[in-house]
Structures are given as C-alpha cells and as structure tokens.
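Every read-out reported here was derived from the displayed coordinates using simple, explicitly stated rules and does not represent laboratory data. Not measured: the values here are computed from a predicted model. All Cβ positions, glycine included, derive from the backbone under ideal geometry; neighbour counts span all protein chains shown.
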Amino acid sequence: MKRIAVVGTSLAGLRAAQALREAGYDGALTMVGAEPHQPYDRPPLSKEFLLQGKAEQDGIALAITDDVAALNADWRLGVPATKLDTAAGTVVLADDTDIPTDGVVIATGGHARHLPGPSVAGVHVLRTLDDAIALRQDLQAGPENVVIIGAGFIGSEVAASCRALGLRVTVVEALADPLAPLLGPELAQVCARLHPENGVSVLYGTKVTGLSTVDGRVSGVRLADGRLLPAEVVVVGIGMRPATDWLTGSGLHLDNGVLTDAGCVTPLANVVAAGDVARYWSAEHDAYVRQEHWTNANDQPAVAVANLLAGRTITHYRASGYFWSKQYDAWIQYAGRTAPTDEIRIIDGSPEERKFVATYHRGDRMTGAFAINSPKIFTRTRKQLRANATDRSS
Amino acid sequence: MIRACSLTDLPPGESVRVVGPVPVAVFNADGELYAIDDTCTHQDASLSDGWLEGCFVECPLHEACFDLRTGVPTGPPAKRPVRTYPVVVSDGDVYVSVADQTAADNGTAEVA
C-alpha cells in the first residue's frame, strides 16, 4: 500500500495515523478533517473547558506539534469528505479535490443530534470545539436559567459545569430512569442523586415539545405537560448519529454506522472503520455493536490498521468497555459489559459517602466494575476483569 | 528534602502521594524506589492511584503510561513527561528531594 487516506481527524483518526507509522507504513498519508482544528480531546469540552481559564485550546490538543510533524502526513483540515468512490479509488472532498488512495480508514465519528426545527440563538449542542466555545460564551454571559435536555453523560457533565459557574440549572429527561439499562437501577440511582445533592433538579419522564423565543432568541422550553421552563440558554444532549452521509452510494453497508467484521474491516479489504462511526461484529455480544466511548476510539484504530496493512482480517477487536465521567466532585468509572439484572456487590467504601467500588456478577463470573472517587481500587478491579476475559478467551 | 513515609509503609507494588510544593508520587517497584510528579500530564489524575507494572505506572483514568526512571510517557494519551525526583532512604524513612527535580534517570534509590 502506497497511499492511505484517514478520513476523520479526531481521536480515532489520529490514533490510526500513529498506528500506521508505528507499524512501519512509510507511504503517503492524507488526513481529511471536517473541522479546521488539529486533533483535540473532546472529554474536557463538557467539563474543564466550560470553566473559564481551565483547559484552554492548547491544553486539549491530542498531540504536540513535533509528534504531528513526525507523522509526515498531508493534512486537509476544514474540508469534509463528500464521497468515497470505490471504483475510482478516490476520496472526494467538499472543495471537489480527489484524493487517490489504495487504502481508507473511516474515522468520521458522528454529529450531535439537534431538536427538530430551525436553529435558535441560545440553543446549543456539544460535540465539537466550536460548539464548546459558543456554549462557553453564552454561559459566561451569566444567564438566569439554563435548561439541559437529556440527562445522559454529556447533559449531566454540562449541568455540573453550569453549577460550578454558579448558574441555575434544570435538566429535562424523557426517560424515567435513563442510566438503569446501563448501570442497573441501584447504581443508576446513586448517579441520579448527584444532581439534587448539587442543587440541580432533574425532571424525569418529561418530554420537550418546543421552545419559546423572544426576538429570535430562546426564552423557554415547553414541556408536554404544558409547563414552560424559562431558559436563556438551552443545551441539547440527546445523543449523536454516526457521520456516514458521505458514504452513501459507496457500496459499504451503512446501518447506524459503517458495518465491519470483527476486525473493523468492511467488505472491501482496503477500507476499514474505527471509532464512533464503526459498527463492528462482536462475538462477545453476538451482534454488531457501535461504541461511543473515548477508550473505544483510542483502542480500535490499532486493530483496524493492522488488518488494513495485512490486506485481510488477522486480528479481532475486543472492547475494554471502559469509560469515565466527571460530575460535580464525583469521578465515575465503569468497565465491562453488564446487564441490569447482574448482582451488585460493594467491595470498598460506601455509596452514601460517594466513594466506593462495586462489582457486577452473573453466576460465578464478574461482568463489570463501577466506582465513584476510587480510582486506585477501581483500576485494580478493571485489570482483574481484563485478565479474566483473556483467560476465558484463551 | 521532604519525608514521604516510613519504608515499611511502602512495600513492593505500593505507592504513596506526598503533598509538597507540588504533589509527588513515590513508588516501590520491586524494591526500587522512584518519585515522579503525581499529576498526570494528560489530564488531572493522581498517578499514585495508578497501576504499577515493572517500572511503569499507568494513569488510573486514561491509561497513559510513564517510565518511572525517566518520566517519559510510553505512548498516548500523554504528550509530555512528568518530572522525576531523587529518593533517599535514611533511618528507615523515605525522603524525596523536590528541590532537585530532574528529567534524568537518577531518581532512584536502592532499598537495603
């Protein structure tokens, strides 16, 4: 392979480029990014970045300048890819340039979901650096009321950041217990209690029907029960959709992401996918799965790239299932693959003190671990979990 | 020099966090003592809570790995090294020389 294009320049794209060079690939490398910025880390955008003076743009760069230069890549930033022409062997960009290529890494991630309807001033989503800069600007103007739609991880983290800025925050969540399917009802409640303990009210099982505006700017959020919550700033945290529009007509299988085999390889052996956009076959799940965690975007490219360079699937991806969240004073960590019905054991600390480690069990098997403010014991438990998984698969 | 702990409180495989002018993490890696900045250069996490394997510590949040001998990260997500500090054992107590930070590989002490 002499010419490889990596489409997507966030975590997965950068890791793919690094993995290619580490594997000894010395051909041409083109990095195509829809955003104008060099690769940056997204997790701080909902946390430190929203608080003035912390985690400025330099601080969240994913690689220092020397390391970027060492990749010896041709960076096409701010110009999204619009087409993958597999017959011609090119990636087509929005400015109509063609990039001829022998191999493609698809790492385009996704787009934040918006509310239906036209965009309204004061209403934000949060996925990109530009989103975060715009939100930070509105939050620092000192709005009287912030309403966050969605009590998932992004919504919860933004709520915590707003409280750190001294703002009044209400969260509206369509589901009655949004974290229960992931964490189980018991630990979902521990997480849910963080909000009222920190002065944030969450309206569960409450649907949003629309927005009120004054002079083209948002003034409130209408709820299905007829209430109108006043809001000068609204943050919409209702998930993302994988960025696959540009692949329409490419012949790849697109269904909630780019479908790949267990090694992140598409039906075309010279096209692989990694990160939030990749929906790979997981024998563990006995299903195609797509993961939106930082660790997945960090770990998956090495497998995808190894298979791309080999020309066939020589290694399979195994997700660590590890993610973290920071809300208020709580460091939340989770690893594994659990079911809401798994038995939960508290192995250290106590949930009441917001400092504990819990493990999940099914039969005689540990399926996962969860912790708040206990990174040391959590990490040891996570290592045990991974060692167990390796034993089972060997 | 600041006192970190008693040597008996730092058996092999363990670590302690020392609050000085900057937080420092002291490790006992199979009998060798090392001291480095406690705060990960990637994001705010305490390396003394990390996973010790040989003379490397893995950050408890994002799995950035640092060489305890040099402070150099072995790969992503960390981009920059942590500082290393000389460690001295005297009368059964462990001391760290925080004034004498170094990026070189002399931040170790033999444990008798």
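Just rank B:63, A:353, A:173, fewest to most, by other beta-carbon atoms within 10 angstrom. Intermediate values should be presented prior to the final figure.
Values: B:63 21, A:353 9, A:173 25.
By the 10 Å Cβ count, ascending: A:353, B:63, A:173.
Length, then width, then depth: along the principal axes, the Cα atoms of the stretch A:102-166 run 54, 27, 22 Å.
Shown for chain A are the DSSP H helices of 15 Å or more along their axis, judged by Cα atoms, with a mean Kyte-Doolittle hydropathy of at least 0.5: A:153-164.
Ranking of A:378, B:56 by neighbouring Cβ atoms within 10 Å, starting from the fewest: B:56, A:378.
Centre-to-centre, using Cα atoms only, the stretch A:1-45 and the stretch B:18-40 are separated by 34 Å.
Each Lys and Arg contributes +1 and each Asp and Glu -1, all at the Cβ; summed about the Cα centre of the stretch A:1-135, the dipole is approximately 400 debye. Expressed as a fraction of 2.2 N^0.38 Å, the value expected for a compact globular protein of N residues, the C-alpha radius of gyration of chain B is 0.94.
Based only on the alpha carbon positions, what is the Kirkwood hydrodynamic radius of the stretch A:69-211, in angstrom? Please report the intermediate quantities before stating the final value.
Values: mean 1/r = 0.0541 Å⁻¹.
Hydrodynamic radius (Kirkwood, Cα only) of the stretch A:69-211 equals 18.5 Å.
Shown is the FRET efficiency for residue A:209 and residue A:346, computed with R0 = 41 Å from the Cβ-Cβ distance and rounded to the nearest 0.05: 0.50.
Note on the stretch A:1-127: the alpha carbon radius of gyration divided by the globular reference 2.2 N^0.38 Å gives 1.18. Springs join every pair of Cα atoms under 10 Å in this Gaussian network model of chain A, and among A:209, A:90, A:170 the largest mean-square fluctuation is at A:209.
Compute the FRET efficiency between residue B:97 and residue A:87 as 1/(1 + (r/R0)^6), taking r as their Cβ-Cβ distance and R0 = 60 Å, and round to the nearest 0.05.
Details: r = 66 Å, r/R0 = 1.09.
Computed FRET efficiency for residue B:97 and residue A:87: 0.35.
Computed over the alpha carbons of the protein assembly as shown, Rg followed by Dmax gives 23.9, 76 Å. Taking only Cα atoms and a 10 Å spring cutoff, compute GNM fluctuations for chain A and point out the largest among A:312, A:113, A:365. Taking springs between Cα atoms under 10 Å, the residue moving most is A:365. The phi torsions of the stretch A:335-349, fed into the Karplus equation with coefficients 6.51, -1.76 and 1.60 and a -60° offset, translate into couplings of 8, x, 9, 10, 10, x, 8, 4, 6, 10, 10, 7, 9, 7, x Hz, rounded to whole numbers, with Gly and Pro shown as x. Pair-distance distribution P(r) for the stretch A:329-393, from all Cα-Cα distances in 10 Å bins starting at 0: 24, 53, 21, 2 percent.
Per DSSP helix of 4 or more residues, -39500 (n - 2.57); summed, then divided by the residues of chain A. What does that give at 222 nm, rounded to the nearest 500? Before the final figure, lay out each step's value.
On the way: 8 runs with 95 residues, N = 394.
-7500 deg cm²/dmol, from helical runs alone.
Where Rh is the Kirkwood radius over the Cα pairs of the stretch A:1-66, the temperature 4 °C and the viscosity 1.567 mPa s, what D in µm²/s does Stokes-Einstein return? Rounded, D is 99 µm²/s. Scanning residues 5 or more positions from residue A:279 or on other chains, those with amide H under 5 Å from its amide H are A:258, A:259, A:260, with H placed 1.01 Å from N in the peptide plane. The modelled label-to-label distance between residue B:22 and residue A:114, using points 7 Å beyond Cα along the C-beta direction, is 4.4 nm. Taking every lysine pair in chain A that is 8 or more places apart or spans two chains, those with Cα atoms closer than 28 Å amount to 15.
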